[in-house]
Amino acid sequence: MTGRTADTILDALIARIVSGQLPPGDPLAEQTLAEQFGVSRTPVREALHRLEQVNLAVRGARRAFVVREMKAEELSELFEAVGEVESALASLAAHRMSEIERCTLQAILEEGEACGDDPKAYGEVNARFHEAINAGAHNTVLAATWAELNTRTLPWRVANFTKDQRRLVSSRAEHRAITEAIVAQNAEKTRRLMRSHVAASYTVAARLLAKRTR
């Protein structure tokens, strides 16, 4: 129960930070948040530690958490790194995915196209789509590197769909093109498409960051 409560608090805090409701430097006091959410301090503490892991919070004076300032160039470098690692994984997946793995990827693609305009539902399918490709690369070192970077970019990538409905449409089209390239075992095309896909996510995230820091 505590874990699920912490998940709910984490999602709410991420939404407030990315949207600008909680600007950089704002305090994230355990007791205050516990009262706001009507819970004990334990799930709040867990949520704050996880917020620190995704680089949206830091410890300020007296080790108390505050909202972390994210600089534009830092976000750009982070997404660039994700794009390079994930495009390499996608390229390997085009060569290495088994027939069963390719069929599974196509099924996930269809789920994404069938979930309508629900950003939360699409966000969950989107995460599984990327995980399926990265698993299909069969390279645990690259996959571990991607997982660490993905944790840090995930709040911004999720916000793509909740803050910009147009991104749902473009993301679906990009997923279909990537899937077709993988099924055709065209590694170089897959690499190029995945790099562009991550860059498109960055473009939306950069706009959100600009609004947050005004």
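At 37 °C and 0.692 mPa s, grab the translational diffusion coefficient of the chain from Stokes-Einstein with a Kirkwood Rh over Cα pairs, rounded to a whole number in µm² per second. List each step's numbers first, then the result.
Details: Rh = 18.1 Å.
The diffusion coefficient I find is 181 µm²/s.
So how exposed is His138, as accessible area in Å² (1.4 Å probe, rounded to 10)?
100
Considering only protein heavy atoms, what per residue accessible area in square angstrom results for the chain with a 1.4 angstrom probe? Write out the running numbers ahead of the final one.
Numbers: 10670 Å² over 214 residues.
That works out to 50 Å² per residue.
Ignoring ligands, DNA and RNA, what percent of the accessible area of region 107-170 is carbon or sulfur (1.4 Å)? Spell out each step's value before the answer.
Values: 1810 of 3050 Å².
Whole-percent figure for carbon plus sulfur exposure: 59.
Along Cα→Cβ, 7 Å out, is where each label goes; now give me the distance between the ones at Glu99 and Ala206 in nm to one decimal.
4.4
Enumerate the helices in the chain for which the Kyte-Doolittle hydropathy averages 0.0 or more and the C-alpha atoms extend at least 30 Å along the helix's axis, using complete DSSP H runs.
On the way: long enough: 72-96 (36 Å, 0.23); 140-163 (33 Å, -0.02); 187-212 (37 Å, -0.34).
The qualifying helices are 72-96.
With the cut-off at 1.5 for a/c, could you classify region 73-125 from its C-alpha gyration tensor as rounded, prolate or oblate?
On the way: a/c = 4.54, a/b = 1.16, b/c = 3.92.
It is oblate, given that a/c is not under 1.5 and a/b is not larger than b/c.
Where a Cα-Cα gap under 18 Å defines reach, which aspartates and glutamates qualify for Lys163, not counting those fewer than 8 residues away within the same chain?
Asp11, Asp117, Asp118, Glu124
Points 7 angstrom from Cα along the Cβ direction at Arg128 and Ala173: gap in nanometres?
About 2.5 nm, to one decimal.
Considering only protein heavy atoms, with the full assembly of protein chains and a 1.4 angstrom probe, order Arg152, Arg4 by accessible area, largest first.
Values: Arg152 65, Arg4 150 Å².
Sorted by accessible area, descending: Arg4, Arg152.
What would the Debye formula give as log10 I(q)/I(0) at q = 0.11 Å⁻¹ for the alpha-carbon point model of region 109-172, no solvent?
-0.27
For region 1-121, rounded, prolate or oblate, judged on the Cα gyration tensor with a ≥ b ≥ c (square roots of eigenvalues), a/c < 1.5 rounded, else prolate if a/b > b/c?
Numbers: a/c = 2.59, a/b = 1.72, b/c = 1.50.
Taking the square roots of the gyration eigenvalues as a ≥ b ≥ c, region 1-121 is prolate.
Based on DSSP H runs of at least 4 residues, each adding -39500 (n - 2.57), what is the mean residue ellipticity at 222 nm of the chain after dividing by all its residues, to the nearest 500 deg cm²/dmol? Don't skip to the end; give the middle numbers.
Values: 9 runs with 166 residues, N = 214.
So the helix-based figure for the chain works out to -26500 deg cm²/dmol.
The values are calculated or read from the model by the stated rules, or taken from the named source; none is laboratory data. Predicted model, so just to flag it, every value in this text is computed and none were measured. Positions of Cβ are generated from backbone atoms using ideal geometry, with glycine treated the same way; all protein chains shown enter the neighbour counts. Areas reflect the complete protein model, heavy atoms only, side chains present, ligands, DNA and RNA absent. Shrake-Rupley method; radii C 1.70, N 1.55, O 1.52, S 1.80 Å.
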